[in-house]
Amino acid sequence: MTTRNFLFLLGSSRTGGNTETLARLAAEQLPAGTEQRWLDLRELPLPDFEDRRHADGHYTPTGNSAALLEATLAATDVVIASPLYWYAVSTSTKRYLDHWSGWLEAPGVDFKQRMAGKTLWGVTALADTEPEVADPLAGTLRNSARYLGMRWGGVLLGNGTRPGDVLTDTGAAARAKVFFS
């Protein structure tokens with residue numbers, strides 16, 4: 001049996017927000033001994049992605065990009081924990097995903113081949129009673145997984161505006177208990 005290794009990428013613009021709270025609640029349900037690595041994208045800022053596919057030279061990950069690439073490749077399960085901002089992922093999350101394009105072109109990385117078979121998950125909190133407003137976020141993650149040959153684990157949705165509000169969403173709490181199973 002393969003040991004699972006979860007990478008949780010926090011994409012909120014604040015610490016301890018509803019999305020992070022919901023992700024931590026779901027992570028508590030993982031079997032004992034399951035490796036977890038939590039990275040806050042605010043602490044590993046990435047520059048805007050520069051597409052070099054049709055220019056001279058290749059993208060070489062350095063600094064925070066190299067650190068995030070290493071963490072991403074080391075995981076069996078990648079969990080994008082991004083609040084729903086304007087019906088999509090947060091800016092830091094989108095920037096991280098944009099860097100995947102560069103990692104696809106980086107010499108010797110074999111990003112697409114190494115991502116195939118991993119599982120991509122999403123966790124998000126929204127301040128809307130209609131879950132459909134999160135469809136663009138879910139579509140971004142689901143289509144990214146499909147492109148890379150990853151398994152799609154789905155999106156755990158919770159409702160809340162002020163920090164801690166998601167804990168009053170009993171449906172989200174119940175879904176969190178079985179999300180990664």
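Table for the structure above
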{"quantity": "Close pairs from the stretch 119-137: first closer than 16 Å to Arg175 by Cβ, partner open to solvent by 60 Å² or more (accessible area, probe 1.4 Å) and of a type in the set (Asp, Glu), Cβ under 9 Å, at least 6 apart", "calculated": "none"}
{"quantity": "Single residue of Leu97, Leu104 found to be within 13 Å of the chain's Cα centre (by Cα) and under 21 Å from Leu44 (Cβ atoms)", "calculated": "Leu97"}
{"quantity": "Qualifying helices (runs of 4 or more DSSP H) (wholly inside the stretch 88-160; at least 3 residues being of a type in the set (Ser, Thr, Tyr))", "calculated": "91-105, 135-148"}
{"quantity": "Residues satisfying the stated conditions in the stretch 20-29, i.e. surrounded by 15 or more Cβ atoms within 10 Å (Cβ to Cβ) and over 14 Å from Trp121 (Cα atoms)", "calculated": "Thr21, Leu25"}
{"quantity": "Residue match in the stretch 62-69 (condition: within 20 Å of Trp103 (Cα to Cα), touching a Ser or Thr at 6+ places or on another chain (Cβ under 9 Å), open to solvent by 20 Å² or more (accessible area, probe 1.4 Å) and not hydroxyl-bearing (Ser, Thr, Tyr))", "calculated": "yes"}
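The values are calculated or read from the model by the stated rules, or taken from the named source; none is laboratory data. Not measured: the values here are computed from a predicted model. Here Cβ is always computed from backbone atoms with ideal geometry, including for glycine, and neighbour counts include all displayed protein chains. These accessible areas exclude ligands, DNA and RNA; they are computed on the full protein's heavy atoms, side chains included. Shrake-Rupley method; radii C 1.70, N 1.55, O 1.52, S 1.80 Å.
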